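The values are calculated or read from the model by the stated rules, or taken from the named source; none is laboratory data. Note that the structure is a prediction, hence the values are computed from the model and not measured. Don't worry about glycine lacking a Cβ; one is built from the backbone with ideal geometry, like all the others, and counts go over all protein chains shown. Each accessible area value is taken on the protein alone, full model and side chains, heavy atoms only, with ligands, DNA and RNA left out. Shrake-Rupley method; radii C 1.70, N 1.55, O 1.52, S 1.80 Å.
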Amino acid sequence: MKPSTKRRTLIVNGVLAVLLIAGIGGVVISLRGGSAAESTPPTARVTRGNVTATVSASGSVASARERSLGFGTTGTVEKIYVKAGDRVRKGQVLARLDDTAARESLEAAKASLEAAAAGDTSTAQGHAQYISARNAYRAAKRTLAGTVIKAPFAGIVTAVNGSEGGSASGGLSGAGGASTGSGGQQAGGASSGGFIELADPNRLQIVGSFTESDVTKIKKGQRATVTFAALPGVTATGKVTLIDPQPQTSNNVVRYAVTISLTDVPSEVRLGQTASVQVVVGEAENVLTVPTSAIRTAGGQSTVTVIENGSRVVRRVEVGLRGDSTTEIRSGLLEGELVVRFQAANQANDSSFPRFGGGPMGGGPA
């Protein structure tokens, strides 16, 4: 073989040897726990602070006081004074029927009552005639009052379900337009079916649908924070006022309706807007805390991996309140100590995570 050929052969073999050594080194690093970046895991300090636990749900802004208003009698709509979106005051006339027939009936009933009262009411027959005439007069007055819808409270007209010249039937409202039906807020939606729908914008609430596991943590009076999909950066406060005892099941998922009454409402908030609710179900103040991602739990025991003199040491801890991002530590750690934060994908593969029931367990690494 010529010298040049031998030289080329030596160079090729040298390159292959280098590649082989690099590959073996990579396998060794992998077997020992990963790359250099993985050997320095993300860490956090044990600090003193507050821990807050919340449960969340979504809903929409509704009024806690809504009414479906209707006429107290049947007739032809003569005038509608409002439209959807109008603000009205208490007692304001919102709509009226043609009251010609009602007024004529009232005049006739009044004349009959006067005649009966002028007669001899000392006899049983005379007294009965008087009572009958009086009742007819009172009924005629109610019918006339029922030709008008008045606002039972100050609010916003959310719908007008009729038109001038059309016919209207009574039944949803009593005299003067005061609602005699239920007309109230239903869980998850507004009442409906009246000639005019009215809502109080100063008494807003949100009905959220919470899972059965979350609703067990909720109690009346707990405070809540509300954010709005259409209003970035805008928040409102509220408190739990009602927990529906009856569940709602959909696709085999059990949920409960919880009403949150808003106590501090920004002016930008409108009826019907989509909202997210976070109910505070637990708080711990001035306690030792670590990121929840630093805690591993198995077999009923919680552990934290602490960095001591550059080495990882697994230590048992007693946890208190588990918050949204941090967890209370009651014992096992000192303020200022450095703990390892784990990624969810790496929890099962981390060599410092103790294997209860199979591997060693103690104050040091497993």
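Ranked highest first by average number of other Cβ atoms within 10 Å, how do 82-89, 220-227, 274-281 line up?
Details: 82-89: 13.2, 220-227: 16.6, 274-281: 20.1.
Ranking, from highest mean packing down: 274-281, 220-227, 82-89.
Taking amide H positions as modeled 1.01 Å from N, with prolines and chain starts lacking one, the residues under 5 Å from THR327 and 5 or more places away or on another chain are VAL290, THR292. Near GLY194, the amide H atoms lying under 5 Å from its own belong to LEU69; only residues 5 or more places off or on other chains count, and H is placed 1.01 Å from N.
List the trypsin sites (Lys or Arg not before Pro) within region 294-342 that fall in a DSSP loop (any state other than H, G, I, E or B) and whose Cβ has at most 16 other Cβ atoms within 10 Å. Show your work: numbers first, answer last.
Working: sites: ARG296, ARG312, ARG315, ARG316, ARG322, ARG330, ARG341; in loops: ARG341.
The qualifying sites are ARG341.
Annotation: amide H of GLN222 within the under-5 Å range of VAL240, sequence separation 5 or more or interchain, hydrogens built in the peptide plane. Estimated at the nearest 10 Å², the accessible area of ASP120 is 90 Å² with a 1.4 Å probe. 3J(HN,Hα) along region 334-341, derived from phi through the Karplus expression 6.51 cos²θ - 1.76 cosθ + 1.60 where θ = phi - 60°, amounts to 10, 4, x, 5, 9, 10, 8, 9 Hz, with x in place of Gly and Pro. Atom-type composition of the exposed protein surface of region 103-169 places 49 percent of the accessible area on carbon and sulfur (1.4 angstrom probe).
Could you check how much of the accessible area of region 206-330 is carbon and sulfur, as a whole percent, using a 1.4 Å probe? Working shown, then result.
On the way: 2960 of 6530 Å².
Within region 206-330, the accessible surface is 45 percent carbon and sulfur.
Using the Cβ-Cβ distance between THR274 and THR297 with R0 set to 30 Å, the FRET efficiency from 1/(1 + (r/R0)^6) comes to roughly 0.25. For region 51-146, the solvent-accessible area of protein heavy atoms averages 56 Å² per residue (probe radius 1.4 Å; ligands and nucleic acids excluded).
Net charge of the neighbourhood of LEU334, taken over other residues with C-beta under 13 Å away and scored Lys/Arg +1, Asp/Glu -1, is +1. Between SER250 and SER311, the simple label model (points 7 Å from Cα in the Cβ direction) yields a spacing of 5.6 nm.
How much net charge surrounds THR249 when only other residues with a Cβ under 12 Å from its Cβ are counted (Lys, Arg +1; Asp, Glu -1)?
0
Ligands, DNA and RNA aside, LEU333 has an accessible area near 10 Å² when probed at 1.4 Å. Measuring with a 1.4 angstrom probe and ignoring ligands and nucleic acids, ILE243 comes out at about 50 Å² accessible.
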